[in-house]
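The values are calculated or read from the model by the stated rules, or taken from the named source; none is laboratory data. The model shown is predicted, which means the values in this text are computed figures rather than measured ones. No Cβ is skipped: glycine too gets one built from the backbone with ideal geometry, and neighbour counts run over all protein chains shown.
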Amino acid sequence: MLSDQIRTVFLSYFEGLGHLRVESAPLLPRDDPSQLLVGAGMVPLKPFFLGQAQPPRSRLTSCQKCFRAVDIDEVGDLSHHTFFEMLGNFSFGDYTRAEAIQFAFQLLTRELGLDPERLHATVHPSDELAERLWQEVAGLPRERISRLEENFWQAGPTGPCGVDSEIHYDLGPEFASGPADRPGQGQRYLEIWNLVFMDSERLEDGRTVPLARPGIDTGMGLERIAMVLQGVPSDFDTDLFAPIQEDFAARARARLPEEQRRRHLRILADHARGASMLITEGVLPGNEGAGYLVRRVLRRALISALQIGLEGGLGACLGAVQAVLGRQYPELVGAGPAVRAAIDEEEERFRETLARGREHFEAAAEAAAGGEIPGALAFRLHDTYGLPLELTEELARARGLGVDRAAALALMEEQRSRARAHRSSAGTGLGQLQLPASQFLGYERLELDSEVLALVLAGELAERAPAGTEVDVVLARTPFYAEGGGQQGDRGRLRWDEGEAEVLDTQPAGAGSRVQRCRVLRGELSVGLGLVAQVDRERRRGCAAHHSATHLLNAALHHLLGDQVVQRGSLVAPDHATFDFGWPQALGPERLALLERELNRAIRSDLERGVQLLPLEEARRQGALALPDELYAAEVRVINFGEFSKELCGGTHVARSGEIGAAVLTGERSVGAGLRRIELLAGAAAEAWWGRERER
Ligand code: SER
């Protein structure tokens with residue numbers, strides 16, 4: 001059974017049992033600081049369990065996009081993934097254990113035709129009821145039910161939780177990793193479905209209290225059930241991965257032992273899906289949060305690509321990824337050019353990093369002369385020069401050298417736990433360093449003289465940063481806009497007498513501070529150094545045009561649909577923007593065309609931009625639009641374009657709407673229940689789009 005059909009059978013089965021089918025929410029959770037990304041079907045539904053919101057029905061079913069960062073290092077075995085799809089049925093104060101077990105067993109054995117003899121269940125040792133129900137409702141013999149202490153599930157440090165019961169499928173003795181294989185251990189018994197009996201809530205202060213709306217949360221991994229139903233030896237051989245793996249395999253030129261080759265192909269296929277799905281939602285490779293995950297999976301994929309001798313670049317796999325997931329997630333097709341560009345750019349940066357890392361490797365190899373590269377040196381190559389340990393090892397092997405891997409790994413682990421300690425105490429690694437404040441002058445100036453107030457290298461304050469390093473720089477005065485309000489951070493250059501650094505990104509760093517993420521190209525940065533800071537003008541112009549265009553679009557939407565439409569967020573990049581808003585149905589092509597016409601009329605009217613600083617109350621009184629749940633300071637910045645639009649905003653804008661040139665709305669789609677997204681291209685990006693359309 002193909003995966004499309006499995007989704008349909010699952011969702012229709014539960015619809016038949018009175019469940020309302022809800023669309024997948026985006027991977028980026030809204031309003032949930034406890035989660036970086038949605039990692040289970042229940043995550044977007046938490047408010048219903050917690051009694052914070054009324055579910056549209058007491059029974060829901062969904063196929064939810066999920067991303068689990070904790071599993072990154074496991075990818076390469078039979079059945080672990082970063083991005084995967086979770087099929088689930090949910091009850092909020094409706095049915096309980098007996099129905100959950102009965103529904104699951106019937107679906108598996110009747111609708112999907114699995115042999116009941118091969119099904120095993122696990123239950124929490126305290127859950128005698130579930131153990132009994134498996135026998136009474138599903139007729140499972142006692143010896144195929146085991147008690148597992150780890151049968152307890154919670155979505156994060158706080159929130160709904162409860163004991164659970166897993167369903168495992170016996171793949172057969174040929175899958176056994178040893179004689180001790182049993183459900184929950186080894187590879188022979190594959191966990192395909194988890195039924196969670198939600199009845200408690202874990203609070204911030206560590207207490208566990210009864211859940212407002214106790215119920216059922218189940219999750220079945222689509223990739224795993226596909227593996228079972230398609231009778232293939234791993235998830236990677238199902239129709240959800242095979243075409244992507246084949247694309248890579250056909251372009252792999254290195255001769256490798258079969259096992260290694262298989263592992264790299266799996267990593268490539270998984271990470272290609274994971275990175276593409278995240279970038280589709282506007283998460284670009286970066287150094288923090290979800291952006292860091294994208295960078296991490298892309299870098300891991302690029303290492304595998306190097307090792308299998310991949311021809312034609314990582315980004316060339318996008319067509320195969322779209323062929324597999326594009327029907328179910330059309331946004332992946334819409335975002336294609338952006339995804340391709342982001343992957344290509346990351347590949348290019350990786351190549352540059354590697355080239356530099358190799359130079360430093362040569363020096364290290366000479367020093368090691370015939371023996372072993374010490375762990376501390378291998379760690380430095382990785383940490384300061386970005387050369388992955390695997391590649392240091394490979395380069396060393398080619399020269400007949402060894403690497404003290406254990407020592408290098410120990411140093412990496414040490415660094416990770418330092419970073420964890422930082423993060424848990426301060427939210428971001430930088431917050432705890434209490435960086436000095438930096439004066440932002442970038443609304444008026446794109447270039448100015450400044451000096452270095454602080455440097456952060458690998459999470460620690462440093463006095464200097466030599467050529468080749470990536471370093472966070474705090475400047476006394478800065479023209480660089482730090483990412484905020486959906487607008488990406490500025491890039492550009494720092495120049496001083498004998499050196500130069502590329503500014504890769506600018507991020508807020510708490511309490512009035514902001515950091516420029518830099519790569520030192522020549523010379524050395526040091527605290528106290530005087531320099532010239534220059535914003536990349538083209539990029540800033542692109543961001544400003546897109547940002548101003550989203551304001552005009554927001555106003556036009558209010559004119560068209562009335563004030564019930566609420567903005568839910570936006571992403572403003574130099575070459576595209578997205579605008580999310582709450583609305584129950586699709587706008588449809590006609591209304592989209594009307595919007596586009598009004599937007600362009602406002603652009604052509606060449607409206608003057610005004611900026612005012614107002615007390616929040618006054619801004620609201622004047623009807624300035626604001627994100628409903630965004631917190632604003634007592635005094636706010638209000639941007640208006642003539643009488644047409646007025647909005648609270650800290651971003652950068654064009655001086656007159658005419659500078660935008662023109663805008664095109666390339667699409668409108670759902671990105672979650674009641675949430676729509678409009679894609680917008682402005683200025684040069686709009687022109688480039690027409691060019692591409694004409695060629696088609
Ligand atoms: N939340 C549970 C899990 O992710 C079941 O959906 O396993």
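When the test is whether a residue is of a type in the set (V, I, T) and away from the ligand (no atom under 14 Å from the Cβ), V123 passes it. Of the strands (runs of 3 or more DSSP E) that lie entirely inside the stretch 455-533, those containing 1 or more residues that are in contact with a Gly (Cβ under 6 Å, 6 or more places away or on another chain), farther than 20 Å from A342 by Cα and of a type outside the set (A, V, I, L, M) span 499-508, 514-522. For the stretch 112-120, the count of residues that are within 16 Å of the ligand (Cβ to nearest atom) and in contact with a strand residue (DSSP E or B) (Cβ under 9 Å, 6 or more places away or on another chain) is zero. Residue pairs whose Cβ atoms lie under 6 Å apart, sitting 6 or more positions apart in sequence or on different chains, and linking a residue in the stretch 166-181 that is more than 20 Å from Q102 (Cα to Cα) to a partner that is hydroxyl-bearing (S, T, Y), do not occur here.
Where strands (runs of 3 or more DSSP E) sit wholly within the stretch 1-102, those with at least 3 residues that are polar (S, T, N, Q) and touching a residue at least 12 places away in the same chain (Cβ under 8 Å) occupy 59-67. For the stretch 574-602, a residue qualifies if it is in a strand (DSSP E or B) and of a type outside the set (D, E), and the qualifying residues are A577, T578, F579, F581, G582.
Criterion applied to T122, T109 was being modelled with pLDDT of 95 or more, among the polar types (S, T, N, Q) and in contact with a helix residue (DSSP H, G or I) (Cβ under 7 Å, 6 or more places away or on another chain), and the one residue passing it is T109. Scanning the stretch 254-272 for residues that are part of a helix (DSSP H, G or I), surrounded by fewer than 17 Cβ atoms within 10 Å (Cβ to Cβ) and among the charged types (D, E, K, R) yields E258, E259, R262.
In the set (1) assigned to a loop (DSSP other than H, G, I, E, B); (2) without any contact (Cβ under 8 Å) to a residue 60 or more places away in the chain, R327 fails one condition alone, (2).
Do any residues in the stretch 195-216 that are over 19 Å from V123 (Cβ atoms) and free of Cβ contacts under 8 Å to residues at least 60 places away in the same chain have Cβ atoms under 6 Å from those of residues that are assigned to a strand (DSSP E or B) and charged (D, E, K, R), where the two are at least six apart or on different chains, and which pairs are they? The qualifying pairs are T208/R202; V209/E201. Any residue that is surrounded by fewer than 19 Cβ atoms within 10 Å (Cβ to Cβ) and either within 16 Å of the ligand (Cβ to nearest atom) or not hydroxyl-bearing (S, T, Y) (or both) - is there at least one of those in the stretch 158-168? Within the stretch 158-168, one or more residues are surrounded by fewer than 19 Cβ atoms within 10 Å (Cβ to Cβ) and either within 16 Å of the ligand (Cβ to nearest atom) or not hydroxyl-bearing (S, T, Y) (or both).
Taking residues in the stretch 143-158 that are assigned to a strand (DSSP E or B), and partners anywhere that are of a type in the set (F, W, Y), the pairs with Cβ atoms closer than 7 Å and at least 6 places apart or on different chains are I145/W134.
Would you pick out the residues in the stretch 364-381 that are buried (at least 16 other Cβ atoms within 10 Å of the Cβ) and not in a helix (DSSP H, G or I)? Steps first, answer last, please.
So the first thing to find is which residues in the stretch 364-381 are buried (at least 16 other Cβ atoms within 10 Å of the Cβ), and the list is 364-365, 368, 373-375, 377-381.
Selection gives I373, P374.
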